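Read through the structure below, which is laid out as structure tokens, and then see the notes.
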Amino acid sequence: MQYLVQWLAVLSAKNRILWLKALIWLGAFIPVLRLIYLGFTDGLGANPVEFIERSTGTWALVFLLLSLGITPLRYLTQQAWLIAVRRLLGLWMFAYACLHVTTYLWLDYQFDWADIAKDIVKHPYVLVGAAALLLTLPLAATSNQRAIKALRQRWKSLHKLVYVIGVLVLLHFWWLVKKDVTEPVIYSLVFALLITLRLPVFIKNRKS
């Protein structure tokens, strides 16, 4: 990571953004390629559908946390150009969330809505996860320059939903896990740390 930062530091801001976006695209495709490879090599375990659901859901959470980490990283490093990759990370979060839900609806329940309704009643974490996905829809739909110009200050207010989404996703994860809560604990601590690091930025913006 240190060498990556040093290498990016010698580039112009425009080239830094291009290279970092390229690295994000490359990194974002690796989990999908891994699932395809494991699928062809019978490496998805005894329950392939659950494996895919867990993998796509976890990566959705990872990209959510990465997008939340951009603002504090920008202020800690004084590198304003970093903000240019935040939307890309958010869109990859949305993409993996869609893959996660599609796996559940298609591979797990074959779009049997009666069984899905029963599962929601039996497992509230499904409803919480669905609520998180619905909240991401307006964020994904307004992640473009036209929407930013049209909404102006309301765009920032709308995209504050990401904090609610984070809480819902973590709650979904906690309720989903039955015994080993190591992963939910780790992700919850990272989320709490990122929110704490964003507090000075929030306070500064409120004062201004």
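Taking R146 and the conditions (1) touching a helix residue (DSSP H, G or I) at 6+ places or on another chain (Cβ under 6 Å); (2) closer than 25 Å to R16 by Cα, which numbered condition does it fall short on, given that it satisfies the others?
Among (1) touching a helix residue (DSSP H, G or I) at 6+ places or on another chain (Cβ under 6 Å); (2) closer than 25 Å to R16 by Cα, R146 violates only (1).
Go over the candidates I70, I116 one by one and state the one that is free of Cβ contacts under 8 Å to residues at least 24 places away in the same chain, within 22 Å of L139 (Cα to Cα) and aliphatic (A, V, I, L, M).
I70
Any idea which of F63, F94 is in contact with a Leu (Cβ under 6 Å, 6 or more places away or on another chain), in contact (Cβ under 8 Å) with a residue 24 or more places away in the chain and of a type in the set (F, W, Y)?
F63
Scan I120, I186 and give me the residue that is more than 15 Å from G90 (Cα to Cα), surrounded by 13 or more Cβ atoms within 10 Å (Cβ to Cβ) and β-branched (V, I, T).
I120
I'd like to know if segment 144-154 contains one or more residues that are in contact (Cβ under 8 Å) with a residue 12 or more places away in the chain and hydrophobic (A, V, I, L, M, F, W, C).
Taking every residue of segment 144-154 in turn, none turns out to be in contact (Cβ under 8 Å) with a residue 12 or more places away in the chain and hydrophobic (A, V, I, L, M, F, W, C).
Looking at L170, L133, can you tell me which residue is buried (at least 16 other Cβ atoms within 10 Å of the Cβ) and in contact with a Cys (Cβ under 9 Å, 6 or more places away or on another chain)?
L133
So which pairs qualify, if the first residue must be in segment 189-201 and among the polar types (S, T, N, Q), the second must be in a helix (DSSP H, G or I) and at pLDDT below 90, the Cβ gap must be under 9 Å, and the two must be at least 6 apart or on different chains?
Sorted first by the residue in segment 189-201, then by its partner, the pairs are T196/P72.
Return only the number of the condition from (1) more than 24 Å from V167 (Cα to Cα); (2) surrounded by fewer than 17 Cβ atoms within 10 Å (Cβ to Cβ); (3) not acidic (D, E) that L82 does not satisfy.
(2)
The values are calculated or read from the model by the stated rules, or taken from the named source; none is laboratory data. Remember, it's a predicted structure, so these values are computed and weren't measured experimentally. Note that each Cβ is placed from the backbone with ideal geometry, even for glycine, and that neighbours are counted across all protein chains shown.
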